[in-house]
Amino acid sequence: METLILKFIPPLAHHQISPSTIVTSKSLPLSFPIDFISLIFVYESLTLRLGFVSFKNSQALPFSCRLSCIRIWIPLRLMVKVCKKEMGNRMLETEPVKKKVTRVPMSRRGLGSRGKKISLLTNHFKVNVTNVEGHFFHYSVSLAYEDGRPVEGKGVGRKVLDRVHETYKTELDGKDFAYDGEHSLFTVGSLPRNKLEFTVVLEDMPSNRNNGNAAPDEHGSPNSDRKRIRRPYQSKTYLVEISFAAKIPMQAIANALRGQESENSQEALRVLDIILRQHAAKQGCLLVRQSFFHNDPKNFADVGGGVLGCRGFHSSFRTTQGGLSLNIDVSTTMIIQPGPVVDFLIANQNVKDPFSLDWAKVKRVLKNLRIKTIPSNQEYKITGLSEKSCKEQMFSLKQRNVKDEDGEVQTLEISVYDYFVNHRNIELRYSGDLPCINVGKPKRPTYIPLELCSLVSLQRYTKSLSTPQRASLVEKSRQKPQERMNALSNALKTSKYDAEPMLRSCGISISTNFAQVDGRVLNAPKLKVGNGEDLFPTRGRWNFNNKKLVEPTKIDRWAVVNFSARCNLRMLVQDLIKCGAMKGIQIDEPFDVFEESPQFRRAPPVVRVEKLFAEVQSKLPGAPQFLLCVLPERKNCDLYGPWKKKNLADFGIVTQCIAPIKVNDQYLTNVLLKINAKLGGLNQLLAVEHSPSIPIVSKVPTIILGMDVSHGSPGQSDIPSIAAVVSSRHWPLISRYRASVRTQSPKVEMIDSLFKKVSDTEDEGIIRELLLDFYTSSGKRKPEQIIIFRDGVSESQFNQVLNIELDQMIEACKFLDEKWNPKFVVIVAQKNHHTKFFQSGSPDNVPPGTIIDNRICHPKSNDFYLCAHAGMIGTTRPTHYHVLYDEIGFSADDLQELVHSLSYVYQRSTTAISVVAPICYAHLAASQVGTFMKFEDTSETSSSHGGMTSAGAVPVPQLPRLQEKVCNSMFFC
């Protein structure tokens with residue numbers, strides 16, 4: 001057997017499989033024969049590497065190795081079974097294995113019934129499937145050049161496979177296929193053979209090499225490229241290998257519609273989505289996951305800085321209670337402004353002409369963008385810029401008709417400018433004094449003058465938008481409900497899915513009518529304000545006109561700090577005091593108004609904060625209760641982070657920042673709502689909190705948690721992610737919260753510091769901190785019920801929430817008291833989805849409080865859509881709530897009422913909000929404390945608690961802890 005084992009191992013070693021991927025069986029006792037342990041070792045390594053639970057996991061290995069591994073794995077599996085049978089149950093007798101129960105999302109217990117019924121339309125279109133007895137056949141695709149090198153560039157695969165389809169239709173039995181653009185291809189029914197090999201030639205492919213329009217490389221040696229110049233096309237030969245990988249029954253779709261989801265049903269739906277992607281690719285669309293964008297200038301909207309918002313549509317298949325549906329929605333992505341490169345650069349840097357450009361920034365922003373050149377219309381990818389200007393950048397041009405005495409072709413040192421103007425007779429108006437664009441390789445640059453280059457359309461802009469750009473995008477992408485419905489109807493017509501041969505062969509037909517659903521409108525909860533008055537929100541809104549706050553605070557020790565803002569501070573202060581009195585907040589005159597010294601106005605933000613704060617310290621008799629900070633124009637918000645850090649982390653002072661542009665009663669009221677909440681007051685309460693009579697929650701001590709993880713902007717892969725968890729306090733209230741915030745590895749969504757054991761008696765995790773606060777603020781009661789609202793996770797991560805994060809929370813509870821067994825409820829809130837609702841026959845948005853838990857919801861899981869807020873502009877986006885776990889046993893109505901009510905306890909506004917307040921608070925806390933990070937020296941604050949990524953442990957800087965005086969406050973309001 002040892003010889004056999006050694007025979008299996010080389011293929012794995014040859015492909016450098018990382019030791020971290022090898023799983024050894026910890027349950028094997030040491031007394032087992034080494035041969036059997038080796039066998040298990042190799043068998044489990046192969047199983048893990050091949051990913052036999054789902055074949056798609058096997059794509060990490062080269063295809064040839066995957067096939068070899070499959071051939072090895074099958075006999076290995078038989079050998080392991082035989083060995084286990086011969087060994088009997090010795091493994092179990094020697095060391096019993098404790099199996100950990102894996103939690104899965106719960107099934108729906110029932111539908112809600114409360115509320116006024118309303119008939120709605122939704123952007124789901126009924127799909128009929130007639131071919132449920134057929135099979136999808138999954139094939140693995142391997143692409144290589146004629147010399148055997150694998151094809152690594154993206155985008156080539158589709159062109160190669162299209163050529164295969166048109167050239168070898170007979171060999172493919174005339175079958176159509178769906179190709180994902182990378183390594184997977186699907187057919188309805190099988191191909192003639194399990195392994196097929198083809199050779200195809202593609203002409204006129206985009207190339208980085210020299211052609212008739214580019215300056216030759218700096219050595220001037222055209223090599224084989226001179227031949228290419230004389231030819232109208234460039235060609236490359238590709239070797240294509242298509243090999244059988246798996247068989248997926250279409251019956252799995254029917255099973256999924258009955259709530260019997262499996263790996264097969266997910267794969268089958270994935271195939272249908274790949275068919276949609278391929279269909280859009282053939283129409284020349286830009287593909288962004290399941291969203292498709294046509295190259296139509298009518299869909300472009302300029303948002304400034306050389307960036308356009310490109311409107312397209314999202315399209316994906318969904319299993320619902322009403323059957324299979326196609327969900328279509330309007331979608332927007334950001335693209336680079338197509339056209340002359342120089343126009344984009346001028347707009348991007350907001351300068352008057354190309355001579356004012358910052359070329360270091362130009363180099364960064366242009367790298368890897370695709371251009372077409374004039375007049376050849378050849379496409380290239382930008383690799384950099386020339387170091388010198390077009391007139392000064394020299395290269396050696398070979399003179400084919402001039403030879404020296406030895407018969408060698410002579411070279412001429414010539415500038416790029418002279419080459420294009422004198423040798424190519426192309427007029428250059430302005431680019432002689434500007435750098436050239438390099439489309440060659442680092443050691444063989446190929447230079448093209450700037451004015452001969454145009455950016456290709458539909459190139460994504462992936463950097464984060466500025467505040468003005470974001471505002472412009474929001475304004476220009478708004479669509480009223482009727483306008484959106486018309487756009488979706490047109491998208492369905494222009495997509496022509498009924499002409500897609502793969503969908504026809506699946507027996508799929510798609511309705512052109514919006515699906516009808518039954519909704520219910522829940523009554524808005526009654527609120528309590530000052531003097532015991534009741535307040536009844538209408539259309540999700542209320543106001544404090546002639547009303548007092550339910551628990552106003554008193555402000556007697558405070559001051560104003562002004563960072564060079566131009567406004568009448570004396571009048572602002574008097575208006576604030578007057579408005580506060582009307583709301584029940586007694587505000588004394590401020591101790592002083594501190595103005596920033598003009599000499600520091602151009603200093604770095606941290607210096608400006610330090611100088612002004614030092615002045616405040618020197619003049620105030622003691623620590624203030626509160627500081628009002630007046631910031632200059634919003635573009636100078638770099639002051640915000642260091643100011644918040646100085647106050648909250650260094651001195652424990654509550655602060656409110658304002659940037660007053662238009663000061664009126666509404667503005668001052670909004671500011672006072674935030675100040676009151678931060679200082680421990682309450683603006684309004686639910687009447688059921690005041691009673692207290694919240695179903696289930698008021699009877700047993702219950703803590704409500706809101707959890708969110710904030711990540712760096714796109715492209716900032718090294719910025720730590722920030723996890724925030726907020727918790728309710730002062731039970732039975734559900735309107736007061738406090739927050740705990742931690743950093744973790746970049747782009748990691750699961751929170752890794754909920755339970756963090758540092759010794760046998762110490763836990764530095766988030767949950768312990770929040771539980772202890774609940775205990776002290778709620779009359780020394782432990783929460784017997786823990787309701788968790790989690791934001792920001794996709795459906796593929798639900799099991800991780802239930803089996804990683806929930807496990808940490810249970811451990812944190814057990815660490816405090818081994819006998820303590822609180823009951824948990826886990827609810828995920830999703831805003832990033834594509835389902836919308838419309839009132840039939842009405843141009844208005846759906847009314848606030850609209851809830852839908854039927855027809856387009858999941859066939860089995862416990863989910864519902866809620867539009868708690870009033871959509872004032874555009875089309876209302878509902879929040880999709882998934883109840884993953886419920887040990888308490890809420891009825892559908894009670895849970896939906898609780899979620900709806902939690903949209904009315906947000907202390908910063910006088911409107912119902914679109915998602916429950918604990919999640920909004922978690923997002924605010926993560927964002928605000930995240931501003932501290934920009935001003936920390938990471939080398940001094942780094943810690944290796946950051947967890948793991950594919951590159952290993954990532955040290956992340958720790959956030960400074962907030963002072964005790966403010967850590968329990970709603971500082972994030």
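Couple of notes before you dig in:
- Heavy-atom accessible surface of region 401-543: percent carbon and sulfur, 1.4 Å: 44 percent
- Ligands, DNA and RNA left out, the accessible area of region 656-702 computed with a 1.4 Å probe is 57% carbon and sulfur.
- Cα centroid separation, region 432-488 to region 336-386: 10 Å.
- On a per residue basis, region 729-809 carries 36 Å² of accessible surface, using protein heavy atoms and a 1.4 Å probe.
- Packing rank of 112-122, 438-448, where each peptide gets the mean count of other beta carbons within 10 Å, highest leading: 438-448, 112-122
- Percent of beta bridges antiparallel (DSSP, region 457-601, rounded to nearest 5): 40 percent
- The residues of region 484-545 present an accessible area of 51 Å² per residue when probed at 1.4 Å with all protein chains retained.
- In sequence order, region 877-887 has phi-based couplings of 9, x, 9, 9, 9, 10, 8, 7, 7, 8, 8 Hz under the Karplus curve 6.51 cos²θ - 1.76 cosθ + 1.60, θ = phi - 60°, and Gly or Pro positions carry x.
- Note on region 592-638: with neighbouring protein chains present and a 1.4 Å probe, carbon and sulfur make up 49 percent of its accessible heavy-atom surface.
- Using 0.36 nm per residue and subtracting the Cα-Cα separation, the extra length available between Q958 and K578 on full extension is 132.6 nm.
- If a spin label sat at a point 7 angstrom from the Cα of E387 along the line to its beta carbon, the backbone N atoms of region 411-428 nearer than 20 Å would be those of 413-418.
- Scanning residues 5 or more positions from C629 or on other chains, those with amide H under 5 Å from its amide H are V561, Q656, C657, I658, with H placed 1.01 Å from N in the peptide plane.
- Under 5 Å, built H, 5+ apart or other chain: amide partners of K175: none
- For I788, distant residues with modelled amide H under 5 Å away: L705, V825, V826, I827
- Sequentially through region 143-158, phi angles give Karplus couplings (6.51, -1.76, 1.60; θ = phi - 60°) of 10, 9, 6, 5, 8, x, 5, x, 7, 10, x, 7, x, 6, x, 5 Hz, Gly and Pro residues having no value and appearing as x.
- Length gained when the stretch R444-L412 is fully extended (0.36 nm per residue, less Cα-Cα span): 9.8 nm
- Label-point separation in nm, R258 to R109, each point 7 Å along Cα→Cβ: 2.6 nm
- Counting heavy atoms of the protein chains alone, W731 has an accessible area of about 40 Å² for a 1.4 Å probe.
- Relative contact order %, region 770-856, counting alpha carbon pairs below 8 Å whose residues are six or more apart: 32 percent
- If R0 is taken as 51 Å, the Cβ-Cβ distance between N513 and A623 corresponds to a FRET efficiency of 0.20.
- Solvent exposure of region 567-608 amounts to 60 Å² per residue of accessible area, where only protein heavy atoms count and the probe is 1.4 Å.
- One equal scatterer on each Cα of region 478-625, no solvent, Debye formula: the resulting log10 I(q)/I(0) at q = 0.11, 0.12, 0.18, 0.19 Å⁻¹ is -0.75, -0.78, -1.13, -1.18.
The values are calculated or read from the model by the stated rules, or taken from the named source; none is laboratory data. Note that the coordinates shown come from a computational prediction; the quantities given were computed from them, not determined experimentally. No Cβ is skipped: glycine too gets one built from the backbone with ideal geometry, and neighbour counts run over all protein chains shown. These accessible areas exclude ligands, DNA and RNA; they are computed on the full protein's heavy atoms, side chains included. Shrake-Rupley method; radii C 1.70, N 1.55, O 1.52, S 1.80 Å.
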